[in-house]
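Asker: Structure provided below as structure tokens; questions to follow.
The values are calculated or read from the model by the stated rules, or taken from the named source; none is laboratory data. Only a predicted model underlies this, so the values are computations on that prediction, with no experimental measurement involved. Neighbour counts run over all protein chains shown; Cβ positions are idealised from the backbone, glycine included. The accessibility values were calculated without ligands, DNA or RNA, using every heavy atom of the protein model including side chains. Shrake-Rupley method; radii C 1.70, N 1.55, O 1.52, S 1.80 Å.
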Amino acid sequence: MDMRVNRPQRQRLVLIGNGMAGIRTLEELLKIAPDLYDITVFGAEPHPNYNRILLSPVLAGEQTIDEIVLNPLSWYAEHGITLHLATHVSHVDRARRVVTGTNAAGETVSAEYDRLLLCTGSNPFMLPIPGKDLAGVVAYRDIADTNAMIAASKKYTRAVVIGGGLLGLEAANGLMKRGMTVTVIHVMPWLMERQLDRVAGGLLQASLSSRGMQFVMEAQTQALLAGPDGRVAQVQFKDGATLHAQLVVMAVGIRPNTSLAQ
């Protein structure tokens, strides 16, 4: 007598977004129902899931990138997860239930799904000003941005951080620890105005100034100007004044990455 049991075929789960939220969801799902899905993950970055919050210690030289990885490649393999790194998903065919993307080699990668989970996070907001696309102008959102700032700190001496919120101050602090002279430009009268009142913001600025951080407050950046080599060389303000800069970090907020969902 044939005693084999016909087990139902596992459903296919596709996760778009290899970040902290998406992978934590998979961790919890694997605890509850480890055999429910065949899982495929698409990540735009070439790295496994890492702790984005700890990029600031990496920039400051206090930790390495390997130390902030939360789920190494072995974790995906142990759980039978198909992982597509450095792959940008460009299309979701909801009728055929197929996700399509392009990897770093320019090859088309696709996966069929029964359930689709979008955890695409946010994108850094770049001020829509002339010069925002110059070499030496970066956001501060991922490992690539962090590596670009570390590389710049080895070659250049003067950095400007646009944005006096928490992320901007962390970027400025990290670059100072890398040996750069850093000026923070902030459009508001005091730092971290969403979290602090004027008095507390003033105390924070005084403390950071005592460590060598420089500030230009209530200043509106109008343009970024290139030098002879085509790299950013100056920040121009609305009043016409300029500030020398060999690296410009924009830390002026984020926007939900909803384009694929839309």
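Asker: Charges at C-beta only: +1 for Lys and Arg, -1 for Asp and Glu. How large is the resulting dipole of region 117-262 about its Cα centre, in Debye rounded to 20? Each step should come with its number before you reach the end.
Answerer: Details: 13 positive and 9 negative charges, 62 e Å.
With only Lys, Arg, Asp and Glu charged at Cβ, the dipole is about 300 debye.
Asker: Okay, next question. If you place +1 on the Cβ of every Lys and Arg, -1 on the Cβ of every Asp and Glu, and leave all else neutral, what size is the dipole of the chain about its Cα centre, to the nearest 20 Debye?
Answerer: On the way: 24 positive and 23 negative charges, 60 e Å.
Roughly 280 debye, rounded to the nearest 20.
Asker: Let me ask something additional. If you rank THR25, THR146 by how much accessible surface each has, with a 1.4 Å probe, what is the order from largest down?
Answerer: On the way: THR25 65, THR146 0 Å².
Result of the area sort, largest leading: THR25, THR146.
Asker: Can you tell me the Rg and the Dmax, both Å, for the Cα atoms in region 128-262?
Answerer: Taking only Cα atoms of region 128-262, I get Rg and Dmax of 14.8, 47 Å.
Asker: Taking N as the number of residues in region 48-105, what is its alpha-carbon radius of gyration divided by 2.2 N^0.38 Å?
Answerer: The value comes to 1.50.
Asker: Please report, in cubic angstrom per residue, the volume enclosed by the convex hull of the alpha-carbon atoms of the chain.
Answerer: Numbers: hull volume 43.4 nm³, N = 262.
Spread over its residues, the Cα hull of the chain gives 166 Å³ apiece.
Asker: For the chain, the longest stretch holding no GluC sites (Glu not before Pro) located in a DSSP loop with at most 16 other Cβ atoms within 10 Å is which? Display every interim value, and only then the final one.
Answerer: Working: sites that count: GLU62, GLU107, GLU193, GLU218.
That would be 108-192.
Asker: Pull up the DSSP beta bridges for the chain and report the antiparallel fraction as a percent, rounded to 5.
Answerer: Details: 22 of 52 bridges.
The answer is about 40 percent antiparallel.
Asker: Separation of region 93-153 and region 191-256 by C-alpha centroid, Å?
Answerer: 25 Å
Asker: Could you work out the longest stretch of the chain that avoids the trypsin sites (Lys or Arg not before Pro) located in DSSP loops with at most 11 other Cβ atoms within 10 Å?
Answerer: Details: sites that count: ARG4, ARG94, ARG96, ARG194, ARG211, LYS238.
The reported range is 97-193.
Asker: Still on this structure, I have one more. Using a cut-off of 12 Å between beta-carbons, work out the net charge of the residues near ALA171 (Lys and Arg +1, Asp and Glu -1, ALA171 not included).
Answerer: Details: positive: ARG141, LYS177, ARG178; negative: ASP145, GLU170.
In short, +1.
Asker: As I understand it, the value is the acute angle between the Cα axis of helix 198-210 and the longest principal axis of the Cα atoms of the chain; what does it come to in degrees, rounded to 10?
Answerer: 80 degrees
Asker: Shape call for region 175-215 from the C-alpha gyration tensor, a ≥ b ≥ c root eigenvalues: rounded (a/c under 1.5), prolate (a/b greater than b/c) or oblate? Before the final figure, lay out each step's value.
Answerer: Working: a/c = 2.61, a/b = 1.87, b/c = 1.39.
Prolate, since a/c reaches 1.5 and a/b exceeds b/c.
Asker: Can I ask one more? Would you mind checking the pairs LYS132/LYS177; LYS155/LYS238; LYS177/LYS238; LYS132/LYS155 and listing those with alpha carbons more than 23 angstrom apart?
Answerer: Working: LYS132/LYS177 25 Å; LYS155/LYS238 29 Å; LYS177/LYS238 30 Å; LYS132/LYS155 21 Å.
Over 23 Å Cα-Cα: LYS132/LYS177; LYS155/LYS238; LYS177/LYS238.
Asker: A follow-up question, please. Report the per residue volume, in Å³, of the convex hull enclosing the C-alpha atoms of region 61-182. Provide the component values of the computation, followed by the final result.
Answerer: Values: hull volume 20.8 nm³, N = 122.
In region 61-182, the Cα hull volume divided by residue count equals 171 Å³.
Asker: If every alpha-carbon in region 135-198 counts as one equal scatterer, what log10 I(q)/I(0) does Debye give at q = 0.25, 0.29 1/Å?
Answerer: Evaluating at q = 0.25, 0.29 Å⁻¹ gives log10 I(q)/I(0) of -1.07, -1.32.
Asker: D for region 18-88, whole µm²/s, Stokes-Einstein with Kirkwood Rh over alpha-carbon pairs at 10 °C and 1.306 mPa s: what number?
Answerer: Details: Rh = 13.0 Å.
In µm²/s, the coefficient rounds to 123.
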